[in-house]
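Report on the following structure.
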Amino acid sequence: MRLRIVRSVLAVLAVAGLAACTPGPGGGSPSSPAPGSSASSTPSGSPTGPLPGAPSTPGRGDAELSIIVKLSPTAAPESYTLVCTNGVPAAESHHPTAAAACAALKKNPKLLMRPPRPSEQVCDQRYGGPQTATVTGTVDGVGVASSYKLTDGCEIAAWAAVADILGSSGAGA
């Protein structure tokens, strides 16, 4: 009798675990923000980045960004300036992949907008390294303040989605 109860409980837990990995009603993905949630960006917390290939309409390609990358908590920060006009780097840009970064922002001006991570989102627990990055400024006249780290699968995916903008530092993501 006891074995039958244990098997039943294990079956229920297995089904519940699988249900947590599948999209909910409405056809969204587990990384989609919950309906009605805010899409404001925050420089702290642990929000997720946009999904690579997420639909977006092209923008003007105008940006003024400050990018700070730290390879470790004790490392000196690497600071980049990215200025784009019509998707092309301006002379005042000091960025290792400026052309790719400007092109990415023109193609998807919302690339740096990071909605809060839904509380029910499950992220794999792999560690990508101690690197952190902060991006502040404007893209097509809209303020941007986003932070990135490599502490779990969701954060690693967010970093990878904006790798051209973060530059060559921390490229192990």
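The values are calculated or read from the model by the stated rules, or taken from the named source; none is laboratory data. Remember, predicted model here, so these are calculated numbers, not experimental data. Don't worry about glycine lacking a Cβ; one is built from the backbone with ideal geometry, like all the others, and counts go over all protein chains shown. To get the accessible areas, we keep the full protein, side chains included, count just its heavy atoms, and leave off ligands, DNA and RNA. Shrake-Rupley method; radii C 1.70, N 1.55, O 1.52, S 1.80 Å.
List of remarks:
- Subset of the stretch 60-103 that is farther than 24 Å from T151 by Cα and in a helix (DSSP H, G or I) - its residue that is least open to solvent (accessible area, probe 1.4 Å): C102
- Residue in the stretch 102-112 that is out of contact with any Ser or Thr (no Cβ under 8 Å at 6 or more places or on another chain) and farther than 26 Å from E64 by Cβ present: no
- Only one entry in L105, L150 is out of contact with any Pro (no Cβ under 8 Å at 6 or more places or on another chain) and hydrophobic (A, V, I, L, M, F, W, C), namely L105.
- Residue identified as at pLDDT below 95 and either of a type outside the set (D, E) or open to solvent by 60 Å² or more (accessible area, probe 1.4 Å) (or both) among G143, G153: G153
- The stretch 104-140, residues that are over 11 Å from A63 (Cβ atoms), touching a Cys at 6+ places or on another chain (Cβ under 8 Å) and open to solvent by less than 30 Å² (accessible area, probe 1.4 Å): Q121, C123
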